[in-house]
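The values are calculated or read from the model by the stated rules, or taken from the named source; none is laboratory data. Just so we're clear, the structure is a prediction, and the values are computed from it rather than from any experiment. No Cβ is skipped: glycine too gets one built from the backbone with ideal geometry, and neighbour counts run over all protein chains shown.
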Amino acid sequence: MTMDIERRTLLGLAAGAAVVLSAPRASAQTTADAGRAGPPDPAEIIGLWPDGAPGGQGVTVTPIVPERSTDPAFHDRYAQYTTDPILTVFRPRRPNGSAMLLIPGGGYRWAVLDKEGYDVARVFAGSGTTCFVLRYRLPADGWAAGADAPLQDAQRAIRLIRSRAADYGVDSNRIGVLGASAGGHLAGLANARADATYAATDAADAVSFRPDLTVLMYPVATMADPYVHAGSRTQLLGETPSPERIAAYSLEKMDWRGAAPVFLLHAIDDASVPVENSLQLLTTLKAGAVPSEAHLFQEGGHGFGIRLIRGKPAQVWPDLVRAWAARLDFPL
C-alpha cells in the first residue's frame with residue numbers, strides 16, 4: 001500500500017456504460033472493460049445519496065480508479081477519493097432470495113474493486129445471491145463525518161437494498177454483509193453499531209440499517225497495538241488518536257449483544273493483519289452470545305480474495321460460508 005498518487009490526477013477513469021436506478025443519482029466513477037478478456041462489469045449502478053453524500057462541504061478530492069493489472073485476463077482496480085458512493089449490482093440468473101453487500105478492503109486509503117468486490121460477487125451471484133459491491137467514501141478525504149463517513153455509506157447501502165428487496169426478489173430479512181480487510185472493519189461496524197450515523201434523507205431510511213448476517217475476511221478488527229494494521233488506523237483515526245478513540249473503533253471492544261451472526265476467516269500467516277484480529281474479536285463475540293463460526297487457514301497471506309488462493313486450502317472458503325449460512329436458513 002505504498003503507491004504514491006497525485007490526488008487530482010484522473011487515472012484509470014473510463015466511460016463505461018451505467019444504468020441508473022430511480023432516485024439516487026449515478027456516479028461518474030465507472031470503468032470500462034476495453035481490451036480485457038475477463039467478464040465485463042455489470043451495467044446496473046445505484047447511487048447512494050439523492051442529493052449528494054452528506055458533509056461534503058470541505059471535500060476537494062477528485063475520484064480516480066487506477067488499473068494495477070498488467071494481465072489482460074483480469075482487472076485489479078482500486079477506487080480512491082470517492083465522492084459519489086455507488087453500488088454495482090450483480091444479479092443472479094436464479095435468485096435464491098438472499099442479498100449480500102460486499103465491502104472491499106484497501107486500508108481505508110482506497111477500495112480494491114475487483115479482488116475483494118467483483119470477483120467475490122460473481123462467485124456468490126453464481127449460486128443465486130444478489131450481490132451489491134460498495135464503492136464507499138474514505139475517512140481522510142475531508143468529510144464532516146470523518147471516521148464515520150464510510151459507515152454512513154454502509155448503513156445507507158443496507159437500507160437501500162432492504163427498501164428495494166421486492167424489486168430484486170430478495171427477502172428483506174436475508175441481507176448479509178461481507179467485508180474484507182479494512183472492509184471487514186467497516187462490515188463489523190455495520191453489524192455492531194446500533195446508532196444511525198446520518199440524518200434520514202428519504203423513505204428508504206425508514207428501514208433497518210443493520211445486516212442479518214456478516215462475513216469478515218481477514219478483518220482489520222482492532223485499532224490498538226500490538227495487532228493493529230497501522231495504515232488503516234492512520235487513515236481512519238489520524239496519526240495520534242486518543243486511547244478513547246482507539247477503543248471506540250476497535251471491534252473487539254464494542255458491545256455486540258444482539259448483533260447478527262458472524263463468520264470469520266483468516267490465514268495464520270497473514271503478515272499484514274495479524275490473525276489475532278480475528279481471535280480477539282471471536283472472544284468478544286462469544287462473550288456477547290453472537291452466533292459465530294471461525295476458520296483459520298495455515299497459509300493464504302493477506303488479501304487473497306478468490307483468485308489468489310486457487311489450488312490452496314483456503315480456496316474452499318465460499319463453500320464453508322455457504323454451509324454455515326444454510327444452517328441459519330440463509331441461502332448463499
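Taking only segment 204-233 into account, find how many residues are among the hydrophobic types (A, V, I, L, M, F, W, C) and out of contact with any helix residue (DSSP H, G or I) (no Cβ under 7 Å at 6 or more places or on another chain).
3
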*Does ASP141 count as surrounded by fewer than 24 Cβ atoms within 10 Å (Cβ to Cβ) and touching a residue at least 60 places away in the same chain (Cβ under 8 Å)?*
yes
*asked:* With the requirement that a residue be modelled with pLDDT of 95 or more and among the hydroxyl-bearing types (Ser, Thr, Tyr), what does segment 36-77 give you?
replied: THR60, THR62
*Is at least one residue of segment 76-86 within 21 Å of TRP317 (Cα to Cα) and either among the small types (Gly, Ala, Ser) or in a helix (DSSP H, G or I) (or both)?*
no
*For the subset of segment 102-134 comprising residues that are of a type in the set (Gly, Ala, Ser) and part of a loop (DSSP other than H, G, I, E, B), which member is surrounded by the most Cβ atoms within 10 Å (Cβ to Cβ)?*
GLY105
*Considering only segment 149-185, state which residues are at positive phi and under 14 Å from the mean Cα position of the chain (by Cα).*
SER181
_Return the residues of segment 296-331 that are surrounded by fewer than 16 Cβ atoms within 10 Å (Cβ to Cβ) and either in a helix (DSSP H, G or I) or within 20 Å of the chain's Cα centre (by Cα) (or both); say none if nothing qualifies._
ARG307, LEU308, PRO313, VAL316, ASP319, LEU320, ALA323, ALA326, ARG327
*Do the conditions hold for LEU216, that is, is it of a type outside the set (Lys, Arg), in contact with a Gly (Cβ under 6 Å, 6 or more places away or on another chain) and either within 30 Å of GLY142 (Cα to Cα) or surrounded by fewer than 23 Cβ atoms within 10 Å (Cβ to Cβ) (or both)?*
yes
_Number of the condition not met by GLY169 [criteria: (1) at pLDDT below 95; (2) surrounded by fewer than 24 Cβ atoms within 10 Å (Cβ to Cβ)]_ = (1)
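Scan segment 225-252 for residues that are surrounded by fewer than 17 Cβ atoms within 10 Å (Cβ to Cβ) and under 26 Å from ARG210 (Cα atoms) and report the count.
We begin by selecting, within segment 225-252, every residue surrounded by fewer than 17 Cβ atoms within 10 Å (Cβ to Cβ); these are 225-226, 230, 238-240, 242-245, 247-248.
Applying the additional criterion that residues be under 26 Å from ARG210 (Cα atoms) yields 244-245, 247-248.
Number of matching residues: 4.
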*asked:* For segment 274-283: of the residues being surrounded by 20 or more Cβ atoms within 10 Å (Cβ to Cβ) and of a type outside the set (A, V, I, L, M, F, W, C), which is nearest to SER98 (Cα to Cα)?
replied: SER278
*asked:* Among the residues in segment 272-287, are any in contact with a Ser or Thr (Cβ under 7 Å, 6 or more places away or on another chain) and polar (S, T, N, Q)?
replied: yes
*Pick out, from segment 140-251, the helices (runs of 4 or more DSSP H) lying fully within it that include 1 or more residues that are charged (D, E, K, R).*
149-163, 230-237, 243-248
